[in-house]
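Worksheet: the structure to be examined is printed underneath.
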Amino acid sequence: MIIVAGYLVVEPGRRDAYLAGCVDVVEQARAAPGCLGFALTADLLDPGRIVVFERWESREAVEAFRGSGPSDEQNADLLGAEVAEYDVTGERSLT
């Protein structure tokens, strides 16, 4: 399993518009083969931060979905980002 996690930074006044512009991407990701979960959400404390969390069956599934990445408009709104990919070899359910 691959987990992609981190955050994006945008102007606080642009965060809601940025997220609204990502709805199609989230829908496409969740429908993509190998996607186990995909979310871009507003941080509860930092008005300019967007939390990124994705779960994929394999690196191949991630790479097949990625394509060209964010649009030019989305890239223009980004002030910063820290996102990493993790290879997960096991899991333990907490529910």
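For the reader, a short list of remarks on this structure follows.
- Test for residue 62: is it surrounded by 15 or more Cβ atoms within 10 Å (Cβ to Cβ), within 21 Å of residue 29 (Cα to Cα) and in contact (Cβ under 8 Å) with a residue 60 or more places away in the chain: yes
- Selected residue (criterion: farthest from the chain's Cα centre (by Cα)) from residues of region 26-59 that are of a type in the set (Val, Ile, Thr) and surrounded by 17 or more Cβ atoms within 10 Å (Cβ to Cβ): 50
- Selection from region 41-64 of residues that are within 25 Å of residue 14 (Cβ to Cβ) and in contact with a helix residue (DSSP H, G or I) (Cβ under 9 Å, 6 or more places away or on another chain): 41, 42, 43, 46, 47, 48, 49, 50, 54
- Residue check for residue 7: of a type in the set (Ser, Thr, Tyr), surrounded by 15 or more Cβ atoms within 10 Å (Cβ to Cβ) and out of contact with any helix residue (DSSP H, G or I) (no Cβ under 8 Å at 6 or more places or on another chain): yes
- Of the criteria (1) over 14 Å from residue 10 (Cα atoms); (2) surrounded by 13 or more Cβ atoms within 10 Å (Cβ to Cβ); (3) modelled with pLDDT under 95; (4) not aliphatic (A, V, I, L, M), which one residue 77 fails: (1)
So that you can scan it fast, the table gives a plain yes or no per residue for (1) part of a loop (DSSP other than H, G, I, E, B); (2) closer than 12 Å to residue 3 by Cα; (3) modelled with pLDDT under 95:
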| site | (1), (2), (3) |
| --- | --- |
| 33 | yes, no, no |
| 53 | no, yes, no |
| 63 | no, no, yes |
| 86 | no, yes, no |
| 92 | yes, no, yes |
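- The residues on offer are 8, 44, 19, and the sole one that is more than 14 Å from residue 83 (Cβ to Cβ) and not in a loop (DSSP other than H, G, I, E, B) is 19.
- Pairs with Cβ under 8 Å, 6+ apart, first in region 1-30 and under 19 Å from residue 67 (Cα atoms) and touching a residue at least 12 places away in the same chain (Cβ under 8 Å), second of a type in the set (D, E, K, R) and loosely packed, with under 15 Cβ neighbours inside 10 Å: 2/57; 2/59; 2/85; 2/87; 3/85; 4/85; 21/73
- Residues in region 65-95 that are farther than 18 Å from residue 26 by Cα, of a type in the set (Gly, Ala, Ser) and free of Cβ contacts under 8 Å to residues at least 40 places away in the same chain: 3 in all.
The values are calculated or read from the model by the stated rules, or taken from the named source; none is laboratory data. Note that the structure is a prediction, hence the values are computed from the model and not measured. Backbone-built Cβ (ideal geometry, glycine too); neighbour counts: all protein chains shown.
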